Amino acid sequence: PKRAEKLLKAVRRAVKIPLTIKIRSGWDKSGSQAIKLAEIAHSCGIDAIAVHPRTASQGFRGMSNWSIISEVKKKVSIPVIGNGDIVKPEDALRMLSETGCNAVMIGRAAIGNPSIFSDVLALFRGEDVPQKSLCDRFDRMIKYLKDSVEYLGEKQACFMMRSRLGWFVKGMRFSSSFRESIKHVSSEEQALELIRSYQDMLMQTGQTNL
């Protein structure tokens, strides 16, 4: 705790922009380390704190304990951002309701479903979440590929696509075969061919919606 306090104070003195931190629940399931660190961060002038309530040993396994977010929120007056296990739009609203946090942070769920952000906003406005078609998902995959190539260059983008494109097809039929096929993709043209081939195969089976 003393080292963390020293570090946070030094960073706070060094920067004038809003300063936020993200923490986990700690080394054990009690969440006591997260609460202690949140209180230290508050006293050091941190502007907001994001809480991912899994332990260090959990990694990304198991379920996150949202009650720890609630406990942190009770102990500090700065904004608390909840994170962990928001896999569909309804989860975001449920986290806000159950924990009292000020905002939510969405991570891995957005990799293969970037529209989750607009879907969450639709729920906030009291609107229905638009139904997504198979074509919508594949159009987003192709846009993600092309934008990545433009931003990163073809070589680096294709290396990244070997794992990222698999997130877009999670839960789809024959997805394991597609993930296997993209493990060695090395060009934008090859990636596009594999994406379109997989889409055609699904369409031929009669699947049109997710």
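The values are calculated or read from the model by the stated rules, or taken from the named source; none is laboratory data. From a predicted model like this one, the values you see are computed outputs, not experimental measurements. Every residue, glycine as well, gets a Cβ built from its backbone with ideal geometry; the counts of neighbours run over all protein chains shown.
A count restricted to segment 52-79 and to residues that are touching a Phe, Trp or Tyr at 6+ places or on another chain (Cβ under 9 Å) and of a type in the set (Ser, Thr, Tyr) stands at 2. Residues that are touching a strand residue (DSSP E or B) at 6+ places or on another chain (Cβ under 8 Å) and hydroxyl-bearing (Ser, Thr, Tyr) within segment 1-46 comprise THR20, SER25, SER32, listed in sequence order.
Within segment 1-34, if we keep just the residues that are of a type in the set (Val, Ile, Thr) and without any contact (Cβ under 8 Å) to a residue 60 or more places away in the chain, the residue that is nearest to SER70 (Cα to Cα) turns out to be ILE23. The strands (runs of 3 or more DSSP E) located wholly in segment 1-83 that include 2 or more residues which are at pLDDT below 95 and surrounded by 14 or more Cβ atoms within 10 Å (Cβ to Cβ) occupy 20-26, 48-55. Just wondering, is there one or more residues in segment 65-84 that are assigned by TED's automatic domain parsing to the domain that holds LYS36, free of Cβ contacts under 8 Å to residues at least 24 places away in the same chain and not basic (Lys, Arg)? No, because not a single residue in segment 65-84 is assigned by TED's automatic domain parsing to the domain that holds LYS36, free of Cβ contacts under 8 Å to residues at least 24 places away in the same chain and not basic (Lys, Arg).
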